[in-house]
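**Q** My structure is below; once you've seen it, I'll send some questions.
The values are calculated or read from the model by the stated rules, or taken from the named source; none is laboratory data. Here the structure is a predicted model, which is why all the values come from computation and not from measurement. Cβ placement follows ideal geometry from the backbone for every residue including glycine, while neighbour counts extend to all protein chains displayed.
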Amino acid sequence: MSATIEFYLTQAGKCSEEAKASPLNQVRDRNLRAAAAWQAMADKLLHSEKLRAEKEAAIAAAKV
């Protein structure tokens, strides 16, 4: 199964909401760290997809 940006962003959002709802500092901090990790994964995947698209565009332009 391939992870998608939408999945990562959904998980980050869930963790952020759980952090806001938590009265416990440790739980809030854990959820904020998890949200940051999910966001970082989404950002990395988005960047990779952008680079892949640019590479494919360059290859297509070179064939013309």
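**Q** Which one is nearest to the chain's Cα centre (by Cα) among residues in the range 15-64 that are among the polar types (S, T, N, Q) and part of a helix (DSSP H, G or I)?
**A** Among those residues, the one meeting the criterion is GLN39.
**Q** Here is a follow-up. Would you pick out the residues in the range 5-20 that are without any contact (Cβ under 8 Å) to a residue 12 or more places away in the chain and over 16 Å from ARG33 (Cβ atoms)?
**A** If the condition is that a residue be without any contact (Cβ under 8 Å) to a residue 12 or more places away in the chain and over 16 Å from ARG33 (Cβ atoms), then GLU6, PHE7, THR10 are the ones that fit.
**Q** If you check LYS63, LYS55, LYS14, which single one turns out to be modelled with pLDDT under 95 and charged (D, E, K, R)?
**A** Answer to the check: LYS63.
**Q** Any residue that is surrounded by 10 or more Cβ atoms within 10 Å (Cβ to Cβ) and in contact with a Ser or Thr (Cβ under 7 Å, 6 or more places away or on another chain) - is there at least one of those in the range 13-23?
**A** No, there is no match, as no residue in the range 13-23 is surrounded by 10 or more Cβ atoms within 10 Å (Cβ to Cβ) and in contact with a Ser or Thr (Cβ under 7 Å, 6 or more places away or on another chain).
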